[in-house]
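Read through the structure below, which is laid out as structure tokens, and then see the notes.
Bear in mind these aren't lab numbers, they're just calculated from the coordinates by the rules spelled out. Note that the coordinates shown come from a computational prediction; the quantities given were computed from them, not determined experimentally. Note that we place each Cβ from the backbone using ideal geometry, even for glycine, and neighbour counts take in every protein chain shown.
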Amino acid sequence: MSHAPDPSPYDALLLLSFGGPEGPDDVVPFLVNVTKGRGIPKERLKEVGQHYFLFGGKSPINDQNRALLDALRKDFAEHGVDLPVYWGNRNWAPYLTDVLREMVTDGHRRILVLTTSAYTSYSGCRQYRENLADALAALEAEGLELPRVDKLRQYFNHPGFVRPMIDGVLKSLSELPEDVRDGAHLAFTTHSIPDASANTSGPVEGHGDGGAYVREHLDVARLIADAVREETGVDRPWQLVYQSRSGAPHIPWLEPDICDHLEEQHGKGVPAVVMVPIGFVSDHMEVLYDLDTEATAKAAELGLPVARSATVGADPRFAAAVRDLLLERAAKERGAAVTPCALGALGASHDLCPVGCCPARAPRPAAAGVDSPYA
């Protein structure tokens, strides 16, 4: 007789994401939350919010998280994983602190967290850990019994995350005109971050020259490019490029920008480009605007055929990967010997962030790491 998968000692999973406005009246308050402490005037935030107003003032990210939440619950139920799944956001309702309070009130004491960020960086990992510490501090101040909170490892190279992106590239190539398909260039895109943040991403021993952030993206891009070559028989050129820069012009950020890259490739005579947003879990606003709107308009201006491949989203294979990661971590917590599932050259990421990993801009407590004040 087969045994049901064992998620113990965990008694709940929390899907933790960025959040986004649900309508025009939410845009500026949402951006106030995102930029809290930076002193940005509301008039400037209204200008920044134009990207959202172009899409009716609503970000797609909350609906995408609802779809992922449904996919996780469905996968867990089909595979006998008896674990409730909650959802909370960093910057918009349902807010993290409110959801964590609900989980505690529901009796949960060992919580595992999945963040909607696959790669290692301050904003993609450490900042979520800081948000968890803030939420736990708020519950502690209310006199509630605090749960033990752990975070799933970064999953950039898990097959359930990589394979859907490979299929997305193959589909996009098939949609290009046949006469440009074999010569198409693959532009793997991710969020640009300051050079200084990239260089200090990951454990201290790997700091410098892009840090873990760039290494991880390059490894995933290589995995996808190699798989596409094997399955199409065509060796296509590729490059890691960046999008969505938002910092001051005098601060160096990772380059090249996707629009500059399209111009460069057009100048070299490249017949077509497939934009592959490997840095994003779902088709949220930065994908819809920066790629589907801005970069696509640039390509049209150049007369350069482009296609944009799909993100992973709520793909059932990604939901299965989350289940695999959950059961892997649970087995480790029970003291079992586990071989983590990971593709590429870098191996599985760490379970507990070490001291100095993706350091904060200013010292702040962070949960779910070696230096957590909430062990």
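For the range 7-37, applying the loop criterion from DSSP together with a ceiling of 12 other beta carbons within 10 Å to the chymotrypsin sites (Phe, Trp or Tyr not before Pro) yields no site.
Residues whose amide H comes within less than 5 Å of that of residue 367, counting only those at least five positions distant or on another chain, are 130, 132, 133 (H built at 1.01 Å from N in the peptide plane). Once both labels are positioned 7 Å from their Cα atoms along Cα-to-Cβ, the gap between residue 364 and residue 141 label points is 1.4 nm. Taking Cβ atoms as reference points and 15 Å as the exclusive limit, the residues near residue 203 contribute a net charge of -1, counting Lys and Arg as +1 and Asp and Glu as -1.
Note on the range 159-308: with charges restricted to the Cβ of Lys and Arg (+1) and Asp and Glu (-1), its dipole about the Cα centre is near 120 debye.
Sites listed here are trypsin sites (Lys or Arg not before Pro) in the range 1-92 whose DSSP assignment is loop and whose Cβ has at most 16 other Cβ atoms within 10 Å: 36, 38.
Taking Cα Rg over 2.2 N^0.38 Å as calculated from this structure, the corresponding entry among (1) 1.06; (2) 1.11; (3) 0.99 is (3).
Approximating the spin labels as points 7 Å out from Cα along Cα→Cβ, the residue 209-to-residue 70 distance works out to 4.7 nm. Counting only DSSP H runs of at least 4 residues, each contributing -39500 (n - 2.57), and dividing by the residue count of the chain, the helix-based mean residue ellipticity at 222 nm comes to -12000 deg cm²/dmol. Backbone N atoms of the range 284-313 closer than 13 Å to the 7 Å Cα→Cβ label point of residue 246 belong to residues 285-287, 290.
Counted residue by residue at 0.36 nm each, then reduced by the alpha carbon distance between them, the extension gain from residue 105 to residue 179 reaches 20.6 nm.
Stretched out straight at 0.36 nm per residue, the stretch from residue 3 to residue 63 would grow longer than its current Cα-Cα span by 18.2 nm. Taken along the Cα-to-beta-carbon direction at a fixed 7 Å, the label points for residue 47 and residue 255 span 2.2 nm. Full extension of the chain between residue 301 and residue 171 gives 44.4 nm of extra length, using 0.36 nm per residue less the Cα-Cα distance. Whats the longest run of the chain with zero GluC sites (Glu not before Pro) that are DSSP loop and have at most 12 other Cβ atoms within 10 Å? Result, exposed sites excluded: 146-375. Between the listed residues 233, 210, 196, the Cα displaced farthest toward the positive end of the dipole of the range 159-308, a dipole computed from Cβ unit charges relative to the Cα centre, is found at 233. Listed by chain and number, the aspartates and glutamates placed with their C-alpha closer than 20 angstrom to that of residue 46 are 22, 25, 26, 286, 290, 294; residues fewer than eight positions away on the same chain are left out.
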